[in-house]
1. Per the helix-only calculation at 222 nm, which mean residue ellipticity applies to the chain, given -39500 (n - 2.57) for every DSSP H run of n ≥ 4 and division by its residues, nearest 500 deg cm²/dmol?
2. Given the pairs Lys95/Lys267; Lys267/Lys292; Lys111/Lys145; Lys30/Lys151, which span a C-alpha to C-alpha distance of over 27 angstrom in this model?
3. State which helices in the chain qualify, where a helix is a whole DSSP H run, it must extend 15 Å or more along its own axis by its Cα atoms, and its mean Kyte-Doolittle hydropathy must be at least -1.0.
4. Could you size up the charge dipole of the chain around its Cα centre, putting +1 on the beta carbon of Lys and Arg and -1 on that of Asp and Glu, and report it in debye to the nearest 20?
5. I need the fraction of alpha carbon pairs in the chain separated by more than 40 Å, rounded to a whole percent.
6. Which FRET efficiency, nearest 0.05, do Leu121 and Asn199 yield, Cβ-Cβ r, R0 45 Å?
7. Scan the chain and report its longest stretch carrying no GluC sites (Glu not before Pro) that are both in a DSSP loop and have at most 14 other Cβ atoms within 10 Å.
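Taken together, the values in this text are just the output of simple stated rules run on the coordinates, not laboratory data. Just so we're clear, the structure is a prediction, and the values are computed from it rather than from any experiment. Please note: Cβ atoms are built from the backbone with ideal geometry, for glycine as well, and neighbour counts cover all protein chains shown.
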Amino acid sequence: MDEQLNHAPCGFLTLSEDGFILEMNQTLLKILNYSHDSLIGQHVNSILTVPARLFSQFYFFPLVKLEQRVEEMYISLEAGNGEEIPVLINALLRKVNERTVLECIIIPMRKRNEFENELLLAKKETEAALKAKHKAITELETTLKKLEIQKQELLELNQQNQKYKIETQKELELARIIQETSLTDPINNDKVQMEVFYNASGELSGDIYGIYQIDQNRYGIILLDVMGHGISSALITMTLHSLFQRLISAGVPVDLVMKELDSHLHKLFDNNEEARHYSTAIYLLIDTERQKIDYANAGHPPALWQDPNGTQYELSSTAPPLGTFEGVVFKTNTFTYKKGGRLLLYTDGVDPLISNYLAPLVRKTVSLPLFQLKQEILQCLNNEKKVDFKSDDETFILVDLK
């Protein structure tokens, strides 16, 4: 690395395609309070905060591979002393000496608070100058000029922040599309009929579900609700999605699916308790040949099973939410059913207590086709929102077993 780049007024970082640090200039080393040898060869995760690691894994690196560049992305680094450093990063994927590398320009964003503090200090100095008659007029003019300069700097900074806000909004929209694309379609055939509703309260959701046909007679349905409904919750839903998709598609037993998801959450936050998230979950394995359902419920609102004659049963929780306690045993419950029964799974954004309106509505509409029942539930949701303006992610799954 040449001398000018090594001591440039911004950080410079070169990564391999899989995220390992190849080179870093002295400016960035000084910002992070690391020595050169301690970072070279390490994965970039070693200088990222926990949320930034998730963000880089599911957004930054996929975007680089897709577009070969990233422009003006906001992310947080973690210095050697544990300090969180907000930065702006521009990155370009290119070939250097027949090797593909990712070159990154990193600009610290800590100056805004300093500018604001200086502006407030200048304002106080100006007010003091006006009140103090013994202050010379020249000092007052100097202070006013300083205030004007700092004001202009703040205006320019606000313009930059507005640009960053717009770009962030675009990135969130892209993340929302990616999240919704991962959701599976309902299955409809001569054995099962399904309807699904999914509505995020913001750009991103903490709800995630999966519907899979494992073989000719078995179907797996899982519904999870990760704590919160922001960016961090959405990132966690994507890590859980890839895991439960693989497990359920392979026909792994119900209790082992829940155990693997629980272990994944514990490992994800082993080194950072403050960032820990938990998730409620319910998983059902339906066998249409044996006419039985295996299920496990980890702190999730109870699913509702209704026999053809209208008798209802709640599939209640038998374990705490995923990621809360180590060594939890997830018990598989089993029941047999008669054809013509109806199943409802939902998150607490739809009905915190099933007795509120879902159970009576399903019983009242036992003869209605599934798509009409879905419309009835949506109408109830709209009526509830007119009374209670609280916003939460909303997801429910309806299943008729023929």
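1. Details: 11 runs with 153 residues, N = 402.
Helix contribution divided over all residues of the chain: -12500 deg cm²/dmol.
2. Details: Lys95/Lys267 35 Å; Lys267/Lys292 33 Å; Lys111/Lys145 20 Å; Lys30/Lys151 30 Å.
With Cα atoms farther than 27 Å apart: Lys95/Lys267; Lys267/Lys292; Lys30/Lys151.
3. Working: long enough: 111-131 (30 Å, -1.04); 137-181 (66 Å, -0.91); 231-249 (27 Å, 1.02); 254-268 (22 Å, 0.00); 370-387 (26 Å, -0.39).
Taking the DSSP H segments of the chain (at least 15 Å long, mean hydropathy at least -1.0), we get 137-181, 231-249, 254-268, 370-387.
4. Numbers: 41 positive and 56 negative charges, 147 e Å.
That gives a dipole near 700 debye.
5. Looking at the chain, the distances longer than 40 Å represent 36 percent of pairs.
6. Numbers: r = 47 Å, r/R0 = 1.05.
Calculated transfer efficiency: 0.40.
7. Numbers: sites that count: Glu17, Glu83, Glu98, Glu289, Glu326.
The longest such stretch corresponds to 99-288.
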